[in-house]
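Everything below concerns the one structure shown next.
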Amino acid sequence: MANPIVTEYRAERRHLVESLQSQGISDLAVLRAIEMTPRHLFVPSGIGRQAYEDRPIHIGLKQTMSQPSIHARYLEIAALTGKERVLEIGTGSGYQTVLLAHLAEQVFSIERVGPLLERARQAIQACGVRNVSTLLGDGTIGWRAYAPYDVILVSAGGPSIPQPLVEQLAEGGRMLIPVGDQEEQVLALITRREGKVERRDIAPVRFVPLKGTHGW
Ligand code: SAH
């Protein structure tokens, strides 16, 4: 049965997907996840329509939800096939968490700000996805109980790559993490192959600070 939440703003979502395609986003799984996810549930109430413009949105408590084209590029790089166990650091609004739920097998997401996680949990549930587990805590130490992860996505920028996250990466796994200072970072792709860890820098990015034991 169609989820009524998903039929709302359908035209706006279609329009957003077309605009992302015209910006060069071509991964069909990513575009489909964006088309299926009611982004208006993740923004402060009353600004529903703005949720479908390609711009970042403040979600309160000094945190920002990235603009859809950034999420799309980031998820294209993650190249999920539907089979992965994913660890996300920085649930924020929960919007990307739901995109991941459509793109991977199982999603584990950690947020350190309680009220944000509370809101995110409700929005995630309203989307009807069932393959998401969330944790209130410091994501820089990872979530050992469910490790290892095929993919780790860090949605906040840190001074360095947290060692516990490297340790919780599966053999052949990959991690995307913005590394730099508190204003600007470079998006680093970390891969773990035969015990060896490799780093490739992808693009300059601007994320909110990664706080915690292995963060700021
Ligand atoms: N991808 C999110 C936006 C994330 S903003 C979205 O779609 O809405 C980055 C988030 O990382 C913020 O909510 C911030 O509170 C959180 N964060 C920062 N440091 C963290 C840490 N050590 N552990 C968990 N979450 C952290």
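Miscellaneous remarks
- Stretch gain in nm, segment Ala29-Arg130, where the contour uses 0.36 nm per residue and the Cα spacing is subtracted: 34.5 nm
- Close amide H contacts of Thr64 (hydrogens built in the peptide plane, cut-off under 5 Å, sequence separation of 5 or more or a different chain): Ile59.
- Dipole magnitude of the chain, debye to nearest 20 (Cβ charges: Lys/Arg +1, Asp/Glu -1, about Cα centre): 280 debye
- Between segment 16-48 and segment 51-123, the alpha-carbon center distance in angstrom: 12 Å
- Averaged per residue, the chain has 48 square angstrom of accessible surface, using a 1.4 angstrom probe with ligands and nucleic acids left out.
- Considering only Val43, Ala156, Gly180, and ranking their Cα positions along the charge dipole of the chain that arises from unit charges at the beta-carbon of Lys, Arg, Asp and Glu, the one farthest toward the positive end is Val43.
- Residue-normalised convex hull volume from the C-alpha trace of segment 27-95: 92 Å³ per residue.
- Working from label points 7 Å from Cα in the Cα-to-Cβ sense, the Ala11 to Val208 distance is 3.3 nm.
- Heavy-atom surface analysis with a 1.4 Å probe gives the chain a carbon and sulfur content of 51 percent of its accessible area.
- Magnitude of the charge dipole, segment 69-173, Cβ model with Lys/Arg +1 and Asp/Glu -1, debye to 20: 260 debye
- Among Arg32, Arg112, Arg85: highest mean-square fluctuation, GNM of the chain, C-alpha pairs under 10 Å: Arg32
- For the chain, the relative contact order is 14 percent, taking Cα pairs closer than 8 Å that sit 6 or more residues apart in sequence and dividing their mean separation by the residue count.
- Extent along principal axes [Cα atoms of the chain; Å; largest to smallest]: 46, 34, 34
The values are calculated or read from the model by the stated rules, or taken from the named source; none is laboratory data. All values reported here derive from a predicted model rather than from experimental measurement. With ideal geometry, Cβ positions are generated from the backbone for all residues, glycine too; neighbour counts draw on all protein chains shown. What goes into the accessible areas is simple: the full protein's heavy atoms, side chains included, and nothing from ligands, DNA or RNA. Shrake-Rupley method; radii C 1.70, N 1.55, O 1.52, S 1.80 Å.
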